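Here's the structure, in structure tokens; my notes come after.
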Amino acid sequence: MSSRSDIPAVVLAGGLARRMGGGDKGRLMLAGKPILTHVLDRLSPQVGRVAINANGDSARWDEFGLPVLPDTVPDYPGPLAGVLAGLDWAADQGAEAIVSAAADTPFLPSDLVPGLLSARGPSGLVLARAGRPQPTFGLWPVALREDLRSALASGTRKILHWTDAHGATYADFPEDAFFNVNTPEDLQAAEVRA
């Protein structure tokens, strides 16, 4: 029996990568391939389809052959804007929810989606937790997208501020499950682990 879900996923690659000197962290090379390829290798078998949330020239993502969804709100307000872009994309396809994942996390859990689905509560909104919340990894109901759009328009930027207000539940994963590449030193550590 397959563990694959028909839920679409959005990989959040819209960050400015200031600690890496700018650029796209998902395009950095790790063990001979872009970090995003490592993310997709783990995420794609768990979902029905995948899109990338990224801003700027979408052609730089052409090699991955996936839809590229820019933020639909101005001024790079952060990951919640990427989630909203994913929710709008999913709504156009008739999906009821999306899974989000960060583009700089090459070792994400191979059971991320089943874990999120099993932790659903009444709101249907679930975040991953590995000792502490991992708010860029979650299960997001499409039904909340207009509320999220309004929250972003009114200045909300912190994921947990918004998700707590909507009764999010948590799915627990091992402490090191969401190791992400934020600095050149992190990239060196990832090379050892890859």
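Note on region 35-168: with neighbouring protein chains present and a 1.4 Å probe, carbon and sulfur make up 51 percent of its accessible heavy-atom surface.
Volume of the convex hull of region 72-194 (Cα atoms only), normalised per residue: 115 Å³.
Distance between the pseudo-spin-label points of ALA194 and HIS166 (7 Å out from Cα toward the beta carbon): 3.4 nm. Counting other Cβ atoms within 10 Å, which GluC sites (Glu not before Pro) in region 49-152 have at most 14 and lie in a DSSP loop? Those satisfying the criteria are GLU96.
Accessible area per residue for the chain is 46 Å², calculated with a 1.4 Å probe on protein heavy atoms, without ligands, DNA or RNA.
When the Cα atoms of region 1-160 are aligned to their principal axes, the ranges along those axes come out at 44, 42, 34 Å in descending order. Can you compute log10 of I(q)/I(0) for region 117-170 with the Debye formula, treating each Cα as one identical point scatterer, at q = 0.23 Å⁻¹? Relative scattering, expressed as log10 I(q)/I(0), comes to -0.88.
This model, with +1 at the C-beta of Lys and Arg and -1 at the C-beta of Asp and Glu, gives the chain a dipole about its Cα centre of some 180 debye.
The values are calculated or read from the model by the stated rules, or taken from the named source; none is laboratory data. For clarity, every value in this text was computed on a predicted model and none was experimentally measured. All Cβ positions, even for glycine, are placed from backbone atoms using ideal geometry, and neighbour counts span all protein chains on display. For accessibility, only protein heavy atoms count, side chains too; no ligands or nucleic acids. Shrake-Rupley method; radii C 1.70, N 1.55, O 1.52, S 1.80 Å.
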